[in-house]
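Here is the structure we will look at, set down as structure tokens.
The values are calculated or read from the model by the stated rules, or taken from the named source; none is laboratory data. Given the structure is predicted, the values throughout are model-derived calculations rather than measurements. Note that each Cβ is placed from the backbone with ideal geometry, even for glycine, and that neighbours are counted across all protein chains shown. Protein only, heavy atoms only, side chains kept; ligands, DNA and RNA dropped before computing areas. Shrake-Rupley method; radii C 1.70, N 1.55, O 1.52, S 1.80 Å.
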There are 2 protein chains.
Amino acid sequence: MELNEAREQLKELQEKLSAYDHAMSLINYDGDTAAPRGTAENRAHAQGILSEMAYILSTGQETMDLLEYLDAKKDVLSERERRQVELLLKDIRYMQKIPEDEYIAFEKAIVESQAAWHDAKEASDFASFAPHLEKMFDYTIRFARYAAPEKDPYDYWLGEYEPGINQEICDAFFDQLRARLVPLIRACGEKPPISDACLHGDFPEAQQEALAHYLMKLMGLDMDHVGLSTTEHPFTTSLGSHLDERITTHYQRDDFSASMYSVIHEGGHALYDTGSDDDLAYTALDGGVSMGIHESQSRFYENILGRSPAFIRFLFPKLQEFFPDALKNVTWQEVCRAVNRVQPSLIRTEADEVTYTLHVMIRYELEKRVMHGELKICDLPGEWNRLYQEYLGVTVPDDRRGVLQDSHWSFAAIGYFPSYALGSAYGAQLLAKMKESVDVDAALSRGDFAPINEWNRRHIWRYGALYTPKQLLSQVLGEPFDPAYYLNYLERKCLEIYGF
Amino acid sequence: MELNEAREQLKELQEKLSAYDHAMSLINYDGDTAAPRGTAENRAHAQGILSEMAYILSTGQETMDLLEYLDAKKDVLSERERRQVELLLKDIRYMQKIPEDEYIAFEKAIVESQAAWHDAKEASDFASFAPHLEKMFDYTIRFARYAAPEKDPYDYWLGEYEPGINQEICDAFFDQLRARLVPLIRACGEKPPISDACLHGDFPEAQQEALAHYLMKLMGLDMDHVGLSTTEHPFTTSLGSHLDERITTHYQRDDFSASMYSVIHEGGHALYDTGSDDDLAYTALDGGVSMGIHESQSRFYENILGRSPAFIRFLFPKLQEFFPDALKNVTWQEVCRAVNRVQPSLIRTEADEVTYTLHVMIRYELEKRVMHGELKICDLPGEWNRLYQEYLGVTVPDDRRGVLQDSHWSFAAIGYFPSYALGSAYGAQLLAKMKESVDVDAALSRGDFAPINEWNRRHIWRYGALYTPKQLLSQVLGEPFDPAYYLNYLERKCLEIYGF
């Protein structure tokens, strides 16, 4: 094999994989947005076959030979090619360890599981979803054992979603957070309660949708390459490359802030994805490097920027234009306090910034126990409800607002949740660094995301997956990851809102 | 090769092709519905790779060997397998005759041609589209010569879109229509003009959408497997199999009948597709057999049923519920006359049932002459305008509403148009046959599509592409195709509406 020919083949391989990715991501997206209800099986049929073909392409002997050849010559490859080979080889070595028929069955089971979750959530009927969830955990454990028999299966998956992370690190991280967050939440609870009445009223969906488009443009999203749809659970997906990005939201007629913060959150993901250098498109480096870094961006835009007093003060007159009746007798200070009030609640995606981490901790604890066989699927709802009572002091009225609220487990994203908390903590440390060169509050107070986006693009987005999360953070921060930044940030925010 | 193994491979081959079809149809559908504006290039990238992979799968040596093997054993295959092999071999033999580089160049030229047509239509600028159209005709002629050197190229393509049809048949068919339609249209023109004012007014889109869903259910479409979206031009597409069907419509705020009849037309296509026997899914026999039979169903529902006095009388009170203000002072008779009025016009897709065929005839005549070198591309607009004046008595004000109105030629669908007229004529003959055992008017007068659908399912839908159009028609009709039924039907309709 000629080196240049091999390089060309490396490019073509990644282009083909991106075409399969485009097809499969779109089939999923369609399933969540436009597809008629009874078509899940038909989608599963196509996904099964496409994933089989993608599997054969990415793990076949020819591909293996190509990647091994290039790996042996890595000294003469470009930095990008080297990383592409590394990532593709990592995948191929994983895939080689998973029996093909099991992998295909797994992909099919995911589609069915997601459909079952949808129906189960609507009917608040955990029992109908339980056999699917059981399968998802089974596959997760089995595949981890195939991939890394020497590792604890849950450690394996934590490290897959956030390279470098394991239970030891998570336990220490969550302990550190718990030690300062629990008293912080208690202290807020002892202050006079903040009303969020100003967020409630009648907010017509068409106006909420107009606000969503306004926010997307304001945030600097390229509307020619980023689409918005409505789904039960908001998410972000790329179709084949960062050149076609879709975000989704969910409108609540009586609360404009629910969709507003979903849009800003998903918009943060989309900024990160679409911020990849254009010539990373159709390669393994396109998009983001990890879930943790992804959440560091989405939660940065949603909370650190989106809930800042400076931004809300700027945005408020615009909100009044969108909702003249409902917000007629409201002030920006009321909105600011309402979207920042600390209030234990049922739904993770609607939780405030401070209690949010406790929602994540509950999921972390439950997944860990199921993964270790210490908790049975049928006991999940009960344990869920018990922990919500214990950690947050709230009573879960039904599984729809309890164990069925998140989609993640329905597609076997087990070990994913901690990245939300890690990402939030990365974000606070990134903010401190950003402030050394950008006047963030001044920018927000004029609704100007350009200098903020520019900093993120220069230090994070443009690299795609070129660097590992650890390399990337160490490059930009110049010091180790330290959750104290996050705790300091949250304490300062509470001081601002609650005035103690 | 073992026979049973080969049969299994035949099944798998078709399943893989259906997965590619699912992906590519969905990418197109997404492009027309949800995709952001700037993402066409990203879609073209994925489509290019997927279509190349599908091409390699369907024409590769392994597939060829399999099909030749099965073809040699066709006596022991089931009727369905025999037809699957026949259809797949037909495609492969065609593709084998087309030089691969020319085929790839053609696919690329189509994409450019469609984009050029879009722009040209918007600017009403035929000259900018002419070189692309020239190429489309050139490829069409060249590929027909490769595929069937013994045939006239236009005959070849007519037979591709509607097997069994050629110019001799079309000439006779159109002559027969012309002889009775021209005087019929003239007679209608001499009657007092019918007003369509009752169709115009303010019809909010949300109400039109609710009407669309009502009509889909009324027609008997399975809403769990048929979705509705909005696009510039209405169409129907299957995703991978008849188990996931999508129709689209286009709402005109000032005329509810435009979307209403689009929905019934596309709904007719969807009934035919989704009426395939379920075990035809993921085979070459799934969906319909030809464009002509497809149009016989869509135009049957749209015109023969949807514009019948019995149906409009039934539907009218419901229309008043959807549009209480706009239809307050309107009667069902007025609506019935308006949607059936005979009125020569410029745009084929908006033409009434009687003049429609003349629009098709003009296209037939023009394509035939271009295909035979008797008409130059640059003379097309002039000839188009001349024929519209001659046949329909209307003056074409610009090419946007003239020669550029239809997209078909821009993607080399030359020889396609006659299927619209043939389908309409098939439909009228099918109606006569249906009436021998179903009281169609009585069913329509109570809005009951069940006996009509049952008849169509039993005689047409369930077979998918198992029989050729000719076989299918001869089976159900028990006599040869005869356009006189269509002419009788139209004359009777005019008598009813115009009262002569």
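Couple of notes before you dig in:
- Taking the criterion of being of a type outside the set (S, T, N, Q), under 26 Å from residue A:427 (Cβ atoms) and at pLDDT 95 or above, the residues of the stretch A:252-262 that qualify are A:255, A:256, A:260, A:261.
- Residue count, the stretch A:267-304 (criterion: within 17 Å of the chain's Cα centre (by Cα) and away from chain B (no Cβ under 14 Å)): 22
- Evaluation of residue A:8 against (1) within 7 Å of another protein chain (Cβ to nearest Cβ); (2) surrounded by fewer than 21 Cβ atoms within 10 Å (Cβ to Cβ) (one fails), failing number: (1)
- When the stretch A:444-462 is filtered for residues that are under 18 Å from residue A:267 (Cα atoms) and among the small types (Gly, Ala, Ser), the ones remaining, listed by number, are A:447, A:450.
- Residue check: residue A:347 meets all listed conditions (1) at pLDDT 95 or above; (2) open to solvent by 20 Å² or more (accessible area, probe 1.4 Å) but one, namely (1).
- Residue match in the stretch B:22-37 (condition: free of Cβ contacts under 8 Å to residues at least 12 places away in the same chain, facing chain A (nearest Cβ under 7 Å) and either surrounded by fewer than 16 Cβ atoms within 10 Å (Cβ to Cβ) or in contact with a Lys or Arg (Cβ under 6 Å, 6 or more places away or on another chain) (or both)): yes
- Residue count for the stretch A:461-483, restricted to those that are open to solvent by less than 10 Å² (accessible area, probe 1.4 Å) and under 16 Å from residue A:83 (Cα atoms): 4
- Positions within the stretch B:413-446 being open to solvent by 10 Å² or more (accessible area, probe 1.4 Å) and either in a loop (DSSP other than H, G, I, E, B) or of a type in the set (Lys, Arg) (or both), in sequence order: B:416, B:433, B:435, B:436, B:437, B:438, B:439, B:446
- Any hit, the stretch A:401-408, residues being buried (at least 23 other Cβ atoms within 10 Å of the Cβ) and either of a type in the set (A, V, I, L, M, F, W, C) or within 30 Å of residue A:110 (Cα to Cα) (or both): yes
- Test: residue A:288 is open to solvent by 10 Å² or more (accessible area, probe 1.4 Å) and either in contact with a His (Cβ under 9 Å, 6 or more places away or on another chain) or aromatic (Phe, Trp, Tyr) (or both): yes
- Residue list for the stretch A:461-479, restricted to those being under 23 Å from residue A:451 (Cβ atoms) and in a helix (DSSP H, G or I): A:461, A:462, A:463, A:472, A:473, A:475, A:476, A:477
- Qualifying residue in the stretch A:38-54 (condition: more than 11 Å from chain B (Cβ to nearest Cβ) and either hydroxyl-bearing (Ser, Thr, Tyr) or in contact (Cβ under 8 Å) with a residue 40 or more places away in the chain (or both)): no
- Only one of B:133, B:57, B:89 that is open to solvent by less than 30 Å² (accessible area, probe 1.4 Å), within 27 Å of residue B:465 (Cβ to Cβ) and of a type outside the set (Asp, Glu): B:89
- When residues in the stretch A:160-176 are screened for being outside any loop (DSSP other than H, G, I, E, B) and either at pLDDT below 95 or open to solvent by 60 Å² or more (accessible area, probe 1.4 Å) (or both), 6 of them pass.
- Verdict on residue A:316 being farther than 30 Å from residue A:14 by Cβ, in contact with a Gly (Cβ under 8 Å, 6 or more places away or on another chain) and away from chain B (no Cβ under 14 Å): no
- Candidates B:265, B:242, B:233, B:269 - the one that is at pLDDT below 95 and either touching a Ser or Thr at 6+ places or on another chain (Cβ under 6 Å) or not polar (S, T, N, Q) (or both): B:233
- Selection status of residue A:328, open to solvent by 30 Å² or more (accessible area, probe 1.4 Å), in contact with a helix residue (DSSP H, G or I) (Cβ under 8 Å, 6 or more places away or on another chain) and assigned to a helix (DSSP H, G or I): no
- The condition of being of a type in the set (Ser, Thr, Tyr), in contact (Cβ under 8 Å) with a residue 40 or more places away in the chain and away from every other protein chain (no Cβ under 14 Å) holds for only one of A:241, A:195, that being A:195.
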